[in-house]
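The values are calculated or read from the model by the stated rules, or taken from the named source; none is laboratory data. Worth saying up front: this structure is predicted, and the values here are computed from it rather than measured. Neighbour counts are summed over all protein chains in view; Cβ atoms, including those assigned to glycine, are modelled from backbone coordinates with ideal geometry. These area figures cover heavy atoms from the full protein model, side chains too; ligands, DNA and RNA do not enter into them. Shrake-Rupley method; radii C 1.70, N 1.55, O 1.52, S 1.80 Å.
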Amino acid sequence: MKDNIWSKYEDNDLVKLNEICDEYRDFISRSKIEREVVCNSVKMAEACGFINLDKYIKDNEMLKPGDKVYVNNRGKSLALFVIGKKDITEGVNILGAHVDSPRLDLKANPLYEDTDFAYFDTHYYGGIKKYQWVTLPLALHGVVVKKNGDVVNVVIGEEESDPVIGITDLLPHLGREQMKKEATKVVEGEKLDVLIGSMPLVSEEDDKEKDLVKKNILNILKNKYDIEEDDFLSAEIEVVPAGRARDFGLDRSMVMAYGQDDKVCAYTSLRAFLDVLDVDRTTSCILVDKEEIGSVGATGMESSFYENAILEICSLLGHNEVTALSRTLSNSYMLSSDVNAAYDPLYADVMDKRNSSYFNNGVVFCKYTGSGGKYSSNDADAEYVAKLRKIMDENNVFFQISELGKVDAGGGGTIAYILANKNVNVIDCGVGVLSMHAPWEVTSKADIYEAYKCYIAFLKDA
Ligand code: MN
Ligand code: MN
């Protein structure tokens, strides 16, 4: 562990740090799911003059240095580019973060009634400790797409005046058998059903009508959102912790929020990207979906959408030769902006003290992730790490280099290996997190600030 960087800041650092962290807290409070992140990020980009690449393609208009474009992939992942003065085949400086987080998704047929309670049946998404999700105030975020194509945006549980919903737990008095179970079974996946109502519909026709509590809920959904029960068949509704991000600690040195893995890196990457618009090398920011379940699908990093975007851009820059994409990628540098497990003294036994990341020690570089014998890691080149050390030092960025926990304690992955497989230079680089993947995760404001500074330095100097 190095020196605590709070002691190194001057007044002007603290002003900028607080500005960024205040804006981050607001952004993450409004952007809990991938669709909301993409929507709010597009608004930020358009305010900086970014234009949808589709417009260039449709108008058959060529791109030139200084142009700012974005590709919105199904509202769930986003790639942004600033065209540099240098030729694109000399490479792109890429920041890539993911914008999905662990949560509970509603099943396709979610609504049921049992013993005069109405419930939503859920299927958890990503790596969660299921027992953490009971007895919390929860909110609904997402979309219902009706047969005619109308999209109904749903956010319930975030306004002070909104109701919240939640999952019940067994009282300790009757929990003797439950408490003997191993933690993965204390609360099982199929039991993560969300209680949403208890009031029956007042029906004048027939007292013996069944499922009146469920019918009452359907009435409310119909009146407020014009949603019918069948519309859940084509919906993506996510159940997430209700409430805004907060300053954490009596000294306000930290942030507590849902989904900081990986929106803390998504926000700082996007913010840095939008703050560096005069560039020599082309720059890019990727905000991508589905990392928590293996980067799969059309909106995950494994999808072709990013390469396709680069191909379109190459073509609009007059590069129609078959080698344009491969040259661009192999000359590119990427920071896979993702969080790291910060050292937690309460769980010291799974950490290697000399190779952990620490709160208030700056942005974290992780040469390789993976598990066991470095399986599934991209293992960045020493040459690339050296280049980045130099850039960080020249720009007074506080950084640390770490591993994720002890060698055989477990492991994890990011999107780093995916573009590394396309021959891009990639290393993981992000913010340390406590209670990662819990409903409320904690980060250090100083580390958030250093991540922002690091991403600025990388975009300018890599
Ligand atoms: Mn992550
Ligand atoms: Mn994760």
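Values as computed for the structure displayed
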read-out	value
Pick from segment 1-59, criterion polar (S, T, N, Q) and within 30 Å of Gly300 (Cβ to Cβ), ranking: surrounded by the most Cβ atoms within 10 Å (Cβ to Cβ)	Ser41
Some residue of segment 256-277 being more than 23 Å from the chain's Cα centre (by Cα) and more than 16 Å from ligand 2 (Cβ to nearest atom)	yes
Failed item in (1) touching an Asp or Glu at 6+ places or on another chain (Cβ under 8 Å); (2) within 16 Å of ligand 2 (Cβ to nearest atom); (3) among the aliphatic types (A, V, I, L, M), with Ile128 passing the rest	(1)
Only listed residue being open to solvent by less than 60 Å² (accessible area, probe 1.4 Å) and of a type outside the set (S, T, N, Q), chosen from Asp408, Asp352, Asp393	Asp352
Hey, Ser253 over 18 Å from Glu19 (Cα atoms), open to solvent by less than 70 Å² (accessible area, probe 1.4 Å), modelled with pLDDT of 95 or more and in contact with a strand residue (DSSP E or B) (Cβ under 8 Å, 6 or more places away or on another chain) or not	no
Filter result (more than 14 Å from ligand 2 (Cβ to nearest atom), of a type in the set (Gly, Ala, Ser) and open to solvent by less than 10 Å² (accessible area, probe 1.4 Å)) within segment 294-310	Ala309
Tabulated pairs, segment 23-37, first farther than 17 Å from Val442 by Cα, second open to solvent by 50 Å² or more (accessible area, probe 1.4 Å), C-beta under 7 angstrom, 6+ apart or interchain	Glu36/Arg30
Out of Val202, Val154, Val145, sole residue that is under 22 Å from Arg30 (Cα atoms), of a type outside the set (D, E, K, R) and open to solvent by 40 Å² or more (accessible area, probe 1.4 Å)	Val145
Checking Asn378 against (1) more than 16 Å from ligand 2 (Cβ to nearest atom); (2) assigned to a helix (DSSP H, G or I); (3) open to solvent by 10 Å² or more (accessible area, probe 1.4 Å), the condition it does not meet	(2)
Subset of segment 88-118 that is in contact (Cβ under 8 Å) with a residue 40 or more places away in the chain and open to solvent by 40 Å² or more (accessible area, probe 1.4 Å) - its residue that is nearest to Lys208 (Cα to Cα)	Asp116
Matching entry among Ala348, Ala309, Ala341 (being part of a helix (DSSP H, G or I), of a type in the set (Gly, Ala, Ser) and out of contact with any strand residue (DSSP E or B) (no Cβ under 6 Å at 6 or more places or on another chain))	Ala348
Within segment 391-462, strands (runs of 3 or more DSSP E) holding 1 or more residues that are out of contact with any Leu (no Cβ under 6 Å at 6 or more places or on another chain) and over 30 Å from Leu138 (Cβ atoms)	399-401, 425-430
Pair list, Cβ < 8 Å and 6+ apart or interchain, from segment 44-70 residues that are more than 20 Å from Asp280 (Cα to Cα) and assigned by TED's automatic domain parsing to the domain that holds Thr268 to residues that are open to solvent by 40 Å² or more (accessible area, probe 1.4 Å) and of a type in the set (Lys, Arg)	Glu61/Lys55
Only listed residue being in the same structural domain as Arg327 (by TED's automatic domain parsing), under 25 Å from Lys86 (Cβ atoms) and away from ligand 1 (no atom under 16 Å from the Cβ), chosen from Ala416, Ala457	Ala457
Any pair with Cβ under 8 angstrom, 6 or more apart, that starts in segment 155-177 at a residue that is among the polar types (S, T, N, Q) and ends at one that is not in a loop (DSSP other than H, G, I, E, B)	Thr168/Leu195
Answer residue from segment 175-188, given it is out of contact with any Phe, Trp or Tyr (no Cβ under 9 Å at 6 or more places or on another chain) and not in a helix (DSSP H, G or I) and is surrounded by the fewest Cβ atoms within 10 Å (Cβ to Cβ) among those	Glu182
From Tyr343, Tyr368, residue being out of contact with any Pro (no Cβ under 9 Å at 6 or more places or on another chain), more than 21 Å from Tyr384 (Cα to Cα) and open to solvent by 10 Å² or more (accessible area, probe 1.4 Å)	Tyr343
Which numbered condition Val134 fails, given (1) within 16 Å of ligand 2 (Cβ to nearest atom); (2) of a type outside the set (Phe, Trp, Tyr); (3) more than 26 Å from Cys454 (Cβ to Cβ)	(1)
Filtered residues of segment 274-293 (kept if in a loop (DSSP other than H, G, I, E, B) and either open to solvent by less than 20 Å² (accessible area, probe 1.4 Å) or away from ligand 1 (no atom under 12 Å from the Cβ) (or both))	Val276, Leu277, Asp278, Val279, Asp280, Arg281, Asp289
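Yes or no, residue by residue, for (1) at pLDDT below 95; (2) farther than 26 Å from Arg35 by Cβ; (3) part of a loop (DSSP other than H, G, I, E, B):
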site: Leu140; (1), (2), (3): no, no, no
site: Glu159; (1), (2), (3): no, no, yes
site: Asp162; (1), (2), (3): no, no, yes
site: His173; (1), (2), (3): no, yes, no
site: Glu190; (1), (2), (3): no, yes, no
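A quick yes/no check of all residues on (1) touching a residue at least 12 places away in the same chain (Cβ under 8 Å); (2) within 16 Å of ligand 2 (Cβ to nearest atom); (3) not small (Gly, Ala, Ser):
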{"position": "Gly362", "(1), (2), (3)": "yes, no, no"}
{"position": "Ala386", "(1), (2), (3)": "no, no, no"}
{"position": "Ile401", "(1), (2), (3)": "yes, no, yes"}
{"position": "Ala416", "(1), (2), (3)": "yes, yes, no"}
{"position": "Ala457", "(1), (2), (3)": "yes, no, no"}
